[in-house]
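Participant: Supplied in structure tokens, the structure appears directly below.
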Amino acid sequence: MSSGKRDEGQATETLLAHIGRDPFANHGIVNPPVYHASTILYPTLAALEEADRSPYEGTRYGRRGTPTTFALEEAVAALEGGYRSIAQSSGLAAITTALLAFLRAGDHLLMVDTTYGPVRRFCDSMLKGLGIATTYYDPMADITPLLRPETRVVYLESPGSLTFEVQDVGKAAAAARAAAAVSILDNTWSAGLLLRPFALGVDVSIQAATKYIVGHSDVMLGVITANEANWLRVRRASAMLGGAAAPDDCYLALRGLRTLPVRLARHQQTALSVARRLQDHPQVVRVLHPALPSCPGHDVWQRDFSGANGLFSVVLKPASRERLAAMLDGLRLFRMGYSWGGFESLVIPFDPRASRTATAWTDPGLCLRLHCGLEDADDLIADLEAGLARLGAAG
Ligand SMILES: *Cc1c(COP(=O)(O)O)cnc(C)c1O
């Protein structure tokens with residue numbers, strides 16, 4: 001495959017068009033082939049012994065990946081600016097593998113209160129059962145007073161899931177390092193494109209490639225990227241836990257990477273138009289979007305991020321379940337479903353109180369998370385305005 005390193009000064013768009021493929025090693029074909037494998041043969045006894053001895057390469061076997069997997073891993077490592085990447089079967093598998101790589105019984109984990117919901121369940125049940133204590137922290141607060149001698153991992157997600165509070169990633173990563181803890185960032189929101197986690201001092205960055213990297217709502221995939229000091233530990237945990245990514249899925253993620261910058265720019269533009277329109281709507285209390293000054297951490301977002309995506313939330317005025325159903329059931333373009341990052345628009349209602357313990361949420365009404373897809377912005381606004389009219393109608 002081509003060199004995994006980014007040439008000095010090369011723009012990310014250029015990198016993404018060329019990384020992770022080597023046409024003339026594959027009959028001149030532009031895209032890399034999909035290699036399927038469980039068994040991978042060794043030509044000689046010496047080759048077998050050599051591979052089994054190497055701490056870096058390990059056993060050649062399909063679970064570790066095929067050249068299709070390695071092409072994706074090389075591309076994501078270059079995109080994120082990390083040392084190496086490891087593909088996993090889902091974003092959640094990437095997160096749990098990264099956490100288990102560093103945590104042992106008796107260790108303490110600092111977890112951001114706005115973490116992706118299933119991560120909270122993993123901490124509160126499985127990690128707790130393993131004797132690992134979790135403290136949730138306010139994404140807007142300094143973590144230093146919460147660090148303990150046994151704190152081994154500081155976990156960040158910025159902007160946070162559902163409500164999009166923007167953390168000072170560099171500051172938290174520095175505090176973690178000063179306390180000899182590893183910082184792990186869920187970098188899914190940025191798609192690896194809008195934030196440079198390793199330049200900010202993060203040790204491990206994970207992404208649900210399921211979202212924008214794949215971009216077409218048809219693949220589950222995660223990627224862990226680490227700096228050089230922490231990569232081997234993650235590699236070993238991944239080998240022990242066995243969460244392999246499928247080669248067809250890696251191929252689709254590589255294909256998604258080629259168009260990621262243009263898709264993301266369009267998602268951003270559309271979401272900003274929709275968010276600005278909703279700001280003044282009588283049924284909307286507040287819009288939660290990192291690019292709007294009303295979002296907690298907006299100044300940090302302006303400093304650290306190079307853009308936004310298609311995702312944001314709105315806080316609604318209190319309304320009955322019947323009115324909410326009238327709004328949501330009648331939407332024609334924003335369909336209800338979990339996940340985001342695909343070409344189509346999505347909506348999901350939520351109550352932030354259900355998924356936070358370190359911070360208070362005082363707005364009485366429900367929230368909607370909106371993902372603006374690649375449809376026309378005016379069509380999306382019309383769909384939402386008709387829905388909000390149903391929400392606000394008497395009866
Ligand atoms: C979706 C998501 C995940 C989990 O990814 P899956 O591929 O769905 O397992 C993790 N973090 C964030 C922020 C997500 O939105």
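Participant: About the Cα centre of region 260-393, what is the dipole size in debye to 20, counting +1 per Lys and Arg Cβ and -1 per Asp and Glu Cβ, all else neutral?
Facilitator: With Lys and Arg at +1 and Asp and Glu at -1, about 300 debye.
Participant: Here's another thing I want to ask about it. For the pair T357/Q269, report the inter-label distance in nm, with labels modelled 7 Å from Cα in the Cβ direction.
Facilitator: Here the answer is 4.4 nm between the modelled labels.
Participant: Build a GNM of the chain with springs between Cα atoms under 10 Å: which of A174, A358, A46 gets the top mean-square fluctuation?
Facilitator: A46
Participant: Ranked highest first by the average count of other Cβ atoms within 10 Å around their residues, in what order do 362-370, 306-314 fall?
Facilitator: 306-314, 362-370
Participant: Right, next: With each label point set 7 Å from Cα along the Cα-Cβ vector, what nm distance links Y338 and Y42?
Facilitator: 4.2 nm
Participant: Sort V34, V154 so the one with the fewest other Cβ atoms within 10 Å of its own Cβ comes first.
Facilitator: V34, V154
Participant: Using the C-alpha atoms of the chain, what convex hull volume per residue, in cubic angstrom, is computed?
Facilitator: 146 Å³
Participant: Return T96, T151, T225, T59 ranked ascending by Cβ neighbour count within 10 Å, so the fewest neighbours appear first.
Facilitator: Arranged by neighbour count, lowest to highest, T96, T151, T225, T59 become T59, T151, T96, T225.
Participant: Let me ask something additional. In a GNM of the chain with a 10 Å cut-off on Cα contacts, which of V284, V153, V223 has the highest mean-square fluctuation?
Facilitator: Looking only at V284, V153, V223, the largest GNM fluctuation is found for V284.
Participant: What shape does region 193-239 have by the C-alpha gyration tensor, where a ≥ b ≥ c are the square roots of the eigenvalues, rounded means a/c under 1.5, and otherwise prolate means a/b greater than b/c and oblate the rest?
Facilitator: It is oblate, given that a/c is not under 1.5 and a/b is not larger than b/c.
Participant: Could you give the size of the charge dipole of the chain about its Cα centre, using +1 on the Cβ of each K and R and -1 on the Cβ of each D and E, expressed in debye and rounded to the nearest 20?
Facilitator: 520 debye
Participant: For the chain, what are the DSSP H helices with axial Cα length of 15 Å or more and mean Kyte-Doolittle hydropathy of at least 1.0?
Facilitator: Correct list, ordered by number: 91-102.
Participant: Relative to the present Cα-Cα distance, how much length would full extension add between D52 and D299 at 0.36 nm per residue of separation?
Facilitator: On the way: separation 247, 0.36 × 247 = 88.92 nm, distance 4.99 nm.
That pair, D52 and D299, stretches by 83.9 nm at full extension.
Participant: Something else: Using only the Cα atoms of region 216-274, what are the Rg and Dmax in Å?
Facilitator: 15.7, 46
Participant: If each DSSP helix of 4+ residues adds -39,500 (n - 2.57) and the sum is divided by the residues in the chain, what number results at 222 nm, nearest 500 deg cm²/dmol?
Facilitator: Helix-only estimate at 222 nm: -11000 deg cm²/dmol.
Participant: So what are the three principal axis dimensions of region 24-165 from its Cα atoms, in whole Å, longest to shortest?
Facilitator: Sorted largest first, the three principal extents are 55, 35, 23 Å.
Participant: What ranking do H298, H371 get, fewest neighbouring Cβ atoms within 10 angstrom at the top?
Facilitator: Ordered from fewest to most neighbouring Cβ atoms within 10 Å, H298, H371 come out as H298, H371.
Participant: Plugging the Kirkwood radius over Cα pairs into Stokes-Einstein for region 260-393, at a temperature of 25 °C and a viscosity of 0.890 mPa s, what D comes out in µm²/s?
Facilitator: Value of D from the Cα-based Kirkwood radius: 161 µm²/s.
Participant: Report the gain in length on full extension from E13 to T59: 0.36 nm times residue separation, minus Cα-Cα distance, nm rounded to one decimal.
Facilitator: Numbers: separation 46, 0.36 × 46 = 16.56 nm, distance 3.46 nm.
Full extension from E13 to T59 adds 13.1 nm.
Participant: Taking only Cα atoms and a 10 Å spring cutoff, compute GNM fluctuations for the chain and point out the largest among L162, L103, L264.
Facilitator: Taking springs between Cα atoms under 10 Å, the residue moving most is L103.
Participant: If the label point is 7 Å along Cα→Cβ of E322, which residues in region 373-394 have backbone nitrogen under 14 Å from it?
Facilitator: Only 391-394 fall inside the zone, counting backbone N under 14 Å.
Since every read-out is calculated from the coordinates, none of them should be taken as a lab result. All values derive from a computational prediction rather than experimental measurement. A quick note on method: Cβ atoms are made from the backbone with ideal geometry, for glycine too, and the neighbour counts reach across all protein chains shown.
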